[in-house]
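To start, the structure itself, in structure tokens.
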Amino acid sequence: MNEPAPATPTRVVIDTDPGIDDAAAILLAVASPRIELVGLTTVAGNSPLSVTTPNALRLLELAGVPSVPVAAGADRPLVQPPPTDRSASVHGEDGLGGVLAFAPAARPVPRHAADFIADAALESTITLVAIAPLTNVALALALHPELEGRIDRLLVMGGARREGNMTPAAEFNIWADPEAAARVFGAGIPLTLLPLDITHQALLTEAELHRMAGSGKVGSALAEMVAFYEHRHLHDYGDSFAPLHDVLAVLPLVAESAITFEDAEISVDCGASVSRGATLVATGGRMASPNAVVGVELDREAFAETLLEHVASLG
Ligand code: RIB
Ligand code: CA
């Protein structure tokens, strides 16, 4: 791995709903010497909270870092009912394609995710990576307004500038809790948004997946999950591709030049119409006041090589 370890790694908390693409993002973060993974916080999303929380524990055990804390959070969005159990989703019944069937040895810490995020940030500034519905992040900001000065960067996988993946207008993470997204996007925290328009490019070739499968225990498990995820996309949903969306919310912290960004003004439709959960992304002259940078271009080879190298380094 030709990645120089910086003097001081970035303190990172990842809010997640594992989730196979979450798994790839978490393993990348664990493997990078540029990241100090302070903890994972879990939320209902791809699967119910009762599934995403043990999955976070399993992934840390797989990666050989079972002592990294996991704090469970919201089991439903702020306002609308929980997303229907998507266990038949592209992530499978158990959220990880049935690959990590063991019971995790560790347990979640006795602290709500919103408070865990606040504890971490109030101890020393953090970078927050959100790769799930934003309910926990909104709760953290509502409970601890002083957080706004203690999160130096918020990277969100979410939204879509053109077509959504839950409705034609909305991407899943934002669709699942639009009110939470609006609260977070309006908080004034330096926001980096990775919408579907760029995460749809986060694809592995068959040869790359084969390389990952032969790169060790962790690579073999992740490759099996991704194979399940691809099969579900290709055969059950008719999708012609299976993007590892969430990896792009960690990638800028590991390989800065892999993604190109531009200033943007992001807002969310919290109405009750067919466009509920849509993200409106204004750039250039259409911005009134930028509140984010939005990923616009991905070096796909850099994405794939960075992911494969880091996963292989976990053994
Ligand atoms: O729309 C993609 C997002 O929804 C990803 O975070 C995926 O894990 C699901 O949560
Ligand atoms: Ca996710």
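The values are calculated or read from the model by the stated rules, or taken from the named source; none is laboratory data. All of these numbers come straight from a predicted model, not from anything done at the bench. Cβ placement follows ideal geometry from the backbone for every residue including glycine, while neighbour counts extend to all protein chains displayed.
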Any chance LEU28 is closer than 17 Å to GLU123 by Cβ, crowded, with 24+ Cβ neighbours inside 10 Å and within 16 Å of ligand 1 (Cβ to nearest atom):
no
If we scan region 72-93, do we find a residue that is touching a strand residue (DSSP E or B) at 6+ places or on another chain (Cβ under 8 Å) and crowded, with 17+ Cβ neighbours inside 10 Å?
yes
Scan region 34-45 residue by residue and report those that are more than 16 Å from ligand 1 (Cβ to nearest atom) and farther than 22 Å from ALA221 by Cβ.
ARG34, GLU36, VAL38
Only residues in region 87-109 that are closer than 9 Å to ARG58 by Cβ count as the first member; pair them with residues that are among the basic types (Lys, Arg), Cβ under 8 angstrom, at least 6 apart or cross-chain, and list the lot.
LEU96/ARG58; LEU100/ARG58; PHE102/ARG58; PRO104/ARG58
Taking SER275 as the residue in question, decide whether it is among the hydroxyl-bearing types (Ser, Thr, Tyr), more than 28 Å from VAL12 (Cα to Cα) and in a loop (DSSP other than H, G, I, E, B).
yes
Looking only at region 245-255, decide whether some residue is within 16 Å of ligand 2 (Cβ to nearest atom), under 20 Å from GLY95 (Cα atoms), under 19 Å from the mean Cα position of the chain (by Cα) and in a loop (DSSP other than H, G, I, E, B).
yes
Just to be sure, is SER32 of a type in the set (Ser, Thr, Tyr) and either within 22 Å of ALA202 (Cβ to Cβ) or within 15 Å of the chain's Cα centre (by Cα) (or both)?
yes
Residue hits (region 148-166; over 22 Å from PHE261 (Cβ atoms) and modelled with pLDDT of 95 or more) are ARG150
Which numbered condition in (1) more than 19 Å from GLU171 (Cβ to Cβ); (2) within 16 Å of ligand 1 (Cβ to nearest atom); (3) surrounded by fewer than 22 Cβ atoms within 10 Å (Cβ to Cβ) is the only one that THR125 fails?
(2)
If you go through ALA101, ALA120, ALA105, the only one that is more than 12 Å from ligand 1 (Cβ to nearest atom), at pLDDT below 95 and farther than 30 Å from ASP197 by Cβ is ALA101
When you look at GLU208, is it under 27 Å from ASP299 (Cβ atoms) and surrounded by fewer than 22 Cβ atoms within 10 Å (Cβ to Cβ), yes or no?
yes
Considering each of ARG183, ARG232 in turn, give the residue that is basic (Lys, Arg), within 16 Å of ligand 2 (Cβ to nearest atom) and closer than 30 Å to VAL79 by Cβ.
ARG232
Restricted to region 35-83, and to residues that are within 23 Å of SER215 (Cα to Cα) and in a loop (DSSP other than H, G, I, E, B), which residue is nearest to the chain's Cα centre (by Cα)?
ALA63
I need the full set of residues from region 139-178 which are part of a helix (DSSP H, G or I) and more than 16 Å from ligand 2 (Cβ to nearest atom), in order please.
LEU139, ALA140, LEU141, ALA142, LEU143, PRO145, GLU146, LEU147, GLU148, GLY149, PRO178
